[in-house]
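The values are calculated or read from the model by the stated rules, or taken from the named source; none is laboratory data. Remember, it's a predicted structure, so these values are computed and weren't measured experimentally. Here Cβ is always computed from backbone atoms with ideal geometry, including for glycine, and neighbour counts include all displayed protein chains.
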Amino acid sequence: MNDKIHGKEIWMSNLITASTYIVYDIFPGTGGSLDASVTTMAHIGNRLYFPANDSIHGNELGYIEFPTLDIENISKINSTINTYPNPLKNILYVDIPANLQACHISIMDMLGRDIYSSPISDNTTTPFKVDLELFTKGVYIVKVVTNKEVISKKIIKE
């Protein structure tokens with residue numbers, strides 16, 4: 001996936017928490033480490049193998065080792081950001097922990113269309129407040145891009 005901040009890198013979606021985050025930024029910057037033609041990866045054991053370019057060593061076989069997921073890891077994933085209230089009437093609050101530097105927030109409808117987009121500056125207070133009064137009732141996806149991950153949360157507007 002390419003979020004236009006990290007370039008084309010390896011991302012992971014967590015179906016339990018409905019979040020998506022960058023696994024590792026191999027080649028920092030907007031260039032990314034994955035060639036556009038990368039379509040094949042191999043998952044063996046707890047490793048994912050893929051071709052990558054870190055801009056220093058050129059094209060090499062890279063891998064990511066995934067830890068065993070246990071209850072402690074799930075609770076850490078769940079605590080990355082908090083969106084409330086959910087369901088909501090008009091105002092959405094997004095709490096972003098101090099250890100994450102938020103860069104951007106967007107809201108998409110269920111067809112994947114961006115209907116709200118805003119950069120988040122370093123001096124933005126938390127919780128970040130979004131006025132959804134003009135949004136129609138329905139289900140939306142809030143996406144927060146941070147310096148470490150991209151987090152997606154489902155919200156319901158009543």
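Of a type in the set (A, V, I, L, M) and within 17 Å of residue 87 (Cβ to Cβ): does that describe residue 107?
Yes.
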**Request:** With the checklist (1) at pLDDT 80 or above; (2) surrounded by 11 or more Cβ atoms within 10 Å (Cβ to Cβ); (3) assigned to a loop (DSSP other than H, G, I, E, B); (4) polar (S, T, N, Q) in hand, flag the one item residue 117 doesn't pass.
**Result:** (3)
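Conditions tested, residue by residue: (1) small (Gly, Ala, Ser); (2) at pLDDT 65 or above; (3) over 19 Å from residue 120 (Cα atoms).
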{"residue": "51", "(1), (2), (3)": "no, yes, yes"}
{"residue": "59", "(1), (2), (3)": "no, yes, yes"}
{"residue": "93", "(1), (2), (3)": "no, yes, no"}
{"residue": "106", "(1), (2), (3)": "yes, yes, no"}
**Whichever residue in the stretch 74-85 is surrounded by 15 or more Cβ atoms within 10 Å (Cβ to Cβ) and modelled with pLDDT of 75 or more and, among such residues, is nearest to residue 148 (Cα to Cα)** = 81
**Fill in**
Going through the stretch 84-125 in order, the residues found to be touching a Phe, Trp or Tyr at 6+ places or on another chain (Cβ under 9 Å) and β-branched (Val, Ile, Thr) are 94, 96, 105, 107, 115, 120
**Request:** Output the number of the condition that residue 66 fails; it satisfies all remaining conditions of (1) modelled with pLDDT of 70 or more; (2) more than 17 Å from residue 152 (Cβ to Cβ).
**Result:** (1)
**Request:** Please go through the stretch 127-158 and pick out each residue that is among the β-branched types (Val, Ile, Thr) and surrounded by fewer than 16 Cβ atoms within 10 Å (Cβ to Cβ).
**Result:** 136, 139, 156
